[in-house]
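Chemist: The structure that follows is given in the form of structure tokens.
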Amino acid sequence: MANTMWGGRFDLSPAQIMEEINASIGFDKRLWRQDILASKAHAAMLAATGIISADEEKAISGGLDTIANEIETGDFNFSRELEDIHLNIENRLKELIGPTAGKLHTARSRNDQVATDFRLYVRDQIDEIDGGLAALQYALAQQAAAHAATVMPGFTHLQTAQPVTFGHHCLAYVEMLSRDRGRFADARARLNESPLGSAALAGTGFPIDREMTAQALRFDRPTANSLDAVSDRDFALETLAAATIAAMHLSRLAEEIVNWASAQFSFAKLSDRFSTGSSIMPQKRNPDAAELIRAKTGRIAGAFHSLLMVMKGLPLAYAKDMQEDKEPVFDALVSLKLGIAAMTGMVGDMEPNKKAMKKAAGQGFSTATDLADWLVREAGLPFRDAHHVTGRIVALAEEKGKPLAKLELSDLQAIDPKITQDVYSVLSVAASVKSRKSYGGTAPSNVRREAGAG
């Protein structure tokens, strides 16, 4: 039997393989809330403009509410023969209220219908992601406040560079996540236009009120061009781009947690809630949650590239290729939300090892820059000369197997006689971080202020 929704032109049913490749109900059924919401808004507008009667609108709205309840309770039968969520809902509506159900599709197409549903879905996901990112920022700020003066090594090239505080390190990720939230907010602002009423591609001759449906669905305005409205998915691409960058930030933090939790670093301990064991090695505590967050970045970034490739060669307006737009978006945004939630839990439960971090912070001559700064400030050397003198002192310390603070004053003065006993006041890691009071610096006073603001 031909498809009853579009089968007037066709005498035969699709081949089985055609049904297999054409059906999207297996994944787009998650749009059911958005589809019913948009359909109710559309029906209300049709009644307000006199295109359907008030009684017809009431029947349609009531039937859609019944369908929503059936889906919520698991009593709804999703049919592959009906291809997608839109036709599944419309067919069930016809079973419930009869031929009046067919009037719901007046002045719209599946093209503007799916574009509307998809925008509503992505908008909802952005709102959930923003809440998750805010919670993660709070968890990081809490750690920062608690460890504003906890010293750890700061790295460049994964080599000890200068001492920083653990709180300052946490706040670096708060800043990254703030920009992530900004990118999602920008994407949300641009997607918040309603395609509903654009119909298949050219608009409609019915006297519809697109402002009414846009307002009912909390869009800022209707889309200005019907061709663009049904045929572009840049709102999804922009959201995936933001998701990819956010996932990358999560992955960087996950990588650090994996390192910190290792016996070689021992900078932090994860709780049992976010660690797993080994099937053969009973001593193991594996940071699997962090590793999985790190790995999921690939599938999120892959989703962006997948949709980009779908869209890159499509002429205006709609093409069936665009059915491939949803699965990567669904998967990527669910993966990102899961990663954010897991990272929030790990950060909140993480216990920094102050002793191990402080010891590591003092290794690798990490206060060498403080020595060079002292030579500039107190001995009047140009920085380049101070850099050279400090390099010679570091070489001497390395030769003697001593940290800078343990060198004899006579050894220091043999390299530069301008050095005085006061130099030892800047060679401890605690003194180093305390001195970094420039705006954005690692000083505990800065960290406490910024953590409180966060």
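The values are calculated or read from the model by the stated rules, or taken from the named source; none is laboratory data. Predicted model, so just to flag it, every value in this text is computed and none were measured. Note: ideal-geometry Cβ built from the backbone for every residue, glycine included; neighbour counts use all protein chains shown. For the accessible areas, the whole protein counts, side chains as well, though only heavy atoms, and no ligand, DNA or RNA atoms are used. Shrake-Rupley method; radii C 1.70, N 1.55, O 1.52, S 1.80 Å.
Chemist: In segment 357-387, how many are part of a helix (DSSP H, G or I) and open to solvent by less than 60 Å² (accessible area, probe 1.4 Å)? Step through it out loud before you land on a result.
Modeler: Start the filter on segment 357-387 by keeping residues that are part of a helix (DSSP H, G or I), which leaves 357-361, 368-379, 383-387.
Filter once more, so that each one left must be open to solvent by less than 60 Å² (accessible area, probe 1.4 Å): 357, 360-361, 368-376, 379, 386.
Here the count works out to 14.
Chemist: Report whether or not T165 is outside the structural domain of M346 (by the TED database) and buried (at least 20 other Cβ atoms within 10 Å of the Cβ). Let's see the steps before the verdict.
Modeler: On the way: outside the structural domain of M346 (by the TED database): no; buried (at least 20 other Cβ atoms within 10 Å of the Cβ): yes.
Taking the combined requirement at face value, the residue does not satisfy it.
Chemist: Exactly one of (1) surrounded by 19 or more Cβ atoms within 10 Å (Cβ to Cβ); (2) under 30 Å from E70 (Cα atoms) is unmet by L140. Its number?
Modeler: (2)
Chemist: Please go through segment 159-196 and pick out each residue that is in contact with a helix residue (DSSP H, G or I) (Cβ under 6 Å, 6 or more places away or on another chain), of a type outside the set (A, V, I, L, M, F, W, C) and in a helix (DSSP H, G or I). Working first, answer last.
Modeler: Going residue by residue through segment 159-196, those that are in contact with a helix residue (DSSP H, G or I) (Cβ under 6 Å, 6 or more places away or on another chain) are 162-163, 165, 167-168, 170-171, 173-174, 176-177, 180-181, 183-184, 187-188, 191, 194-196.
Among the residues that remain, those that are also of a type outside the set (A, V, I, L, M, F, W, C) are: 162-163, 165, 167-168, 173, 180-181, 183, 188, 194-195.
Within segment 159-196, G167, H168, Y173, D180, R181, R183, R188 qualify.
Chemist: Using the structure shown, decide if G50 is open to solvent by less than 50 Å² (accessible area, probe 1.4 Å) and either among the basic types (K, R) or out of contact with any Asp or Glu (no Cβ under 7 Å at 6 or more places or on another chain) (or both). Steps first, answer last, please.
Modeler: On the way: open to solvent by less than 50 Å² (accessible area, probe 1.4 Å): no; either among the basic types (K, R) or out of contact with any Asp or Glu (no Cβ under 7 Å at 6 or more places or on another chain) (or both): yes.
When the stated conditions are applied, G50 does not pass them.
Chemist: Can you confirm whether A224 is out of contact with any helix residue (DSSP H, G or I) (no Cβ under 8 Å at 6 or more places or on another chain) and hydrophobic (A, V, I, L, M, F, W, C)?
Modeler: Values: out of contact with any helix residue (DSSP H, G or I) (no Cβ under 8 Å at 6 or more places or on another chain): yes; hydrophobic (A, V, I, L, M, F, W, C): yes.
When the stated conditions are applied, A224 passes them.
Chemist: For segment 136-158, name all the residues that are closer than 19 Å to R436 by Cβ and outside any helix (DSSP H, G or I).
Modeler: Within segment 136-158, H147, A148, A149, T150, V151, M152, P153, G154, F155, T156 qualify.
Chemist: Please pick out the residue among T390, T442 that is open to solvent by less than 30 Å² (accessible area, probe 1.4 Å), polar (S, T, N, Q) and without any contact (Cβ under 8 Å) to a residue 24 or more places away in the chain. Steps first, please.
Modeler: Details: T442 fails: without any contact (Cβ under 8 Å) to a residue 24 or more places away in the chain.
From the options T390, T442, the qualifying one is T390.
Chemist: Name the helices (runs of 4 or more DSSP H) wholly within segment 390-454 that hold at least 1 residues that are among the acidic types (D, E) and over 26 Å from H147 (Cβ atoms)?
Modeler: Working: elements: 409-415, 429-435, 444-453.
Here the list reads 409-415.
Chemist: Return the residues of segment 107-130 that are over 14 Å from V174 (Cα atoms) and either open to solvent by 20 Å² or more (accessible area, probe 1.4 Å) or in a loop (DSSP other than H, G, I, E, B) (or both); say none if nothing qualifies. Walk me through it before giving the result.
Modeler: We begin by selecting, within segment 107-130, every residue over 14 Å from V174 (Cα atoms); these are 107-129.
Within segment 107-130, A107, R108, S109, R110, N111, D124, D127, E128 meet the criteria.
Chemist: Looking only at residues that are among the small types (G, A, S) and over 31 Å from the mean Cα position of the chain (by Cα) in segment 413-439, which one is least open to solvent (accessible area, probe 1.4 Å)? Let's see the steps before the verdict.
Modeler: Within segment 413-439, the subset among the small types (G, A, S) is 414, 425, 428, 430-432, 435, 438.
If we keep only those that are over 31 Å from the mean Cα position of the chain (by Cα) too, we end up with 414, 425, 428, 430-432, 435.
Working: A414: 84, S425: 66, S428: 52, A430: 53, A431: 29, S432: 1, S435: 70 Å².
Ranking the candidates gives S432 first.
Chemist: When you scan segment 311-343, how many residues do you find that are open to solvent by less than 30 Å² (accessible area, probe 1.4 Å) and either of a type in the set (K, R) or under 16 Å from the mean Cα position of the chain (by Cα) (or both)?
Modeler: Matching residues across segment 311-343 total 12.
Chemist: What's the total number of residues in segment 395-412 that are surrounded by 14 or more Cβ atoms within 10 Å (Cβ to Cβ) and closer than 20 Å to G380 by Cα?
Modeler: 2
Chemist: Count, please, the residues in segment 189-211 that happen to be out of contact with any Pro (no Cβ under 7 Å at 6 or more places or on another chain) and surrounded by fewer than 20 Cβ atoms within 10 Å (Cβ to Cβ).
Modeler: Filtering segment 189-211 for residues out of contact with any Pro (no Cβ under 7 Å at 6 or more places or on another chain) gives 189-192, 195-196, 198-209.
Now restrict to residues that are surrounded by fewer than 20 Cβ atoms within 10 Å (Cβ to Cβ): 189-190, 192, 200-207, 209.
Residues in segment 189-211 being out of contact with any Pro (no Cβ under 7 Å at 6 or more places or on another chain) and surrounded by fewer than 20 Cβ atoms within 10 Å (Cβ to Cβ): 12 in total.
Chemist: Taking D186, is it open to solvent by less than 30 Å² (accessible area, probe 1.4 Å) and not hydrophobic (A, V, I, L, M, F, W, C)?
Modeler: Details: open to solvent by less than 30 Å² (accessible area, probe 1.4 Å): no; not hydrophobic (A, V, I, L, M, F, W, C): yes.
No.
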